[in-house]
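K.L.:
Sharing a structure, written as structure tokens. Questions coming.
The values are calculated or read from the model by the stated rules, or taken from the named source; none is laboratory data. Because the structure is predicted, anything quoted here is derived from the model rather than measured. Cβ sites come from the backbone with ideal geometry, for glycine too, and all protein chains shown count toward neighbours.
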Amino acid sequence: MNNEVISNTFRFIFLLLLQVLLLNNINFMGYINPYLYILFIILYPFNSNQTLFLFLSFLLGLGVDIFEDSGGINAAACLVAAYIRPVLLRFSFGVSYDYQTIKFSSTPPGSRISYVTILVLVHHFILFLLEFFNFEHLLLLLKKTFFSGLFTIILVFLTLALFNRRSK
């Protein structure tokens, strides 16, 4: 097994356990709950097998659903996020993505911010839409999406900064 497979396996297990054992117990003001497990979808290698990526994203969401007893909403949100990821990569990174020359840590900050922000907000919107499953609570849906999304985005960038500093 090569280093990339080991790294992704460790990241998958670590983020899943971190989410279900620690982060699911955090709930600020009823609206803010961090979903750091989406970092696996964000950092998965861009040039790898997309079918495997969709399957792993589904398994990640399903793992969270099993521990949360949430009926598959995390699996669906992860699957949607993984499915639209190539479009977001092309939107955020442009030609670099088309030629598979992206190294996430060396991309322009604006591209990273747009990619992470859109992916997190789409994931959270799908997650909370499936949780409420109606548009009567549209304001609550948007509020939870915005505040949890903002907290998750900050947590993602703090985590990336922490591990990029450590690897240098």
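K.L.:
Please determine, by comparing only the residues of the range 46-58 that are assigned to a helix (DSSP H, G or I) and without any contact (Cβ under 8 Å) to a residue 24 or more places away in the chain, which one is surrounded by the most Cβ atoms within 10 Å (Cβ to Cβ).
P.N.:
Here the residue is 55.
K.L.:
While we're here: Taking the residues in the range 10-33 that are under 14 Å from the mean Cα position of the chain (by Cα) and among the polar types (S, T, N, Q) as candidates, determine which candidate is farthest from residue 74 (Cα to Cα).
P.N.:
33
K.L.:
Yes or no: residue 21 exposed (fewer than 14 other Cβ atoms within 10 Å of the Cβ), in contact with a Phe, Trp or Tyr (Cβ under 9 Å, 6 or more places away or on another chain) and of a type outside the set (Gly, Ala, Ser)?
P.N.:
yes
K.L.:
Aromatic (Phe, Trp, Tyr), buried (at least 18 other Cβ atoms within 10 Å of the Cβ), at negative phi and modelled with pLDDT under 95: which single residue out of 93, 67 fits that description?
P.N.:
93
K.L.:
Is it the case that some residue within the range 130-146 is at positive phi and out of contact with any strand residue (DSSP E or B) (no Cβ under 7 Å at 6 or more places or on another chain)?
P.N.:
Going residue by residue through the range 130-146, those that are at positive phi are 133.
Remaining after also requiring out of contact with any strand residue (DSSP E or B) (no Cβ under 7 Å at 6 or more places or on another chain): 133.
So far as the range 130-146 goes, yes, one or more of its residues are at positive phi and out of contact with any strand residue (DSSP E or B) (no Cβ under 7 Å at 6 or more places or on another chain).
K.L.:
Give me a count of the residues in the range 113-137 that are assigned to a helix (DSSP H, G or I) and at pLDDT below 90.
P.N.:
1
K.L.:
Among the residues of the range 28-45, is any surrounded by 13 or more Cβ atoms within 10 Å (Cβ to Cβ), in contact with a Gly (Cβ under 6 Å, 6 or more places away or on another chain), closer than 21 Å to residue 119 by Cα and in contact (Cβ under 8 Å) with a residue 24 or more places away in the chain?
P.N.:
The answer is no, given that none of the residues of the range 28-45 is surrounded by 13 or more Cβ atoms within 10 Å (Cβ to Cβ), in contact with a Gly (Cβ under 6 Å, 6 or more places away or on another chain), closer than 21 Å to residue 119 by Cα and in contact (Cβ under 8 Å) with a residue 24 or more places away in the chain.
K.L.:
Against the conditions (1) free of Cβ contacts under 8 Å to residues at least 40 places away in the same chain; (2) part of a helix (DSSP H, G or I); (3) touching a helix residue (DSSP H, G or I) at 6+ places or on another chain (Cβ under 8 Å); (4) over 23 Å from residue 154 (Cβ atoms), where does residue 63 fall short? Just the number, please.
P.N.:
If we test residue 63 against (1) free of Cβ contacts under 8 Å to residues at least 40 places away in the same chain; (2) part of a helix (DSSP H, G or I); (3) touching a helix residue (DSSP H, G or I) at 6+ places or on another chain (Cβ under 8 Å); (4) over 23 Å from residue 154 (Cβ atoms), just (1) comes out false.
K.L.:
Just to be sure before I move on: is residue 116 crowded, with 18+ Cβ neighbours inside 10 Å, β-branched (Val, Ile, Thr) and over 21 Å from residue 27 (Cα atoms) in the structure I sent?
P.N.:
yes
K.L.:
If you don't mind, another one. Return yes when residue 48 is under 23 Å from residue 112 (Cβ atoms) and touching a Cys at 6+ places or on another chain (Cβ under 6 Å) and no when it is not. Explain how you work it out, then say what you get.
P.N.:
Working: under 23 Å from residue 112 (Cβ atoms): yes; touching a Cys at 6+ places or on another chain (Cβ under 6 Å): no.
Spelling it out, it is not the case that residue 48 is under 23 Å from residue 112 (Cβ atoms) and touching a Cys at 6+ places or on another chain (Cβ under 6 Å).
K.L.:
Hey, could you check the range 1-38 for residues that are among the aromatic types (Phe, Trp, Tyr) and part of a helix (DSSP H, G or I) and say which is farthest from residue 127 (Cα to Cα)?
P.N.:
10
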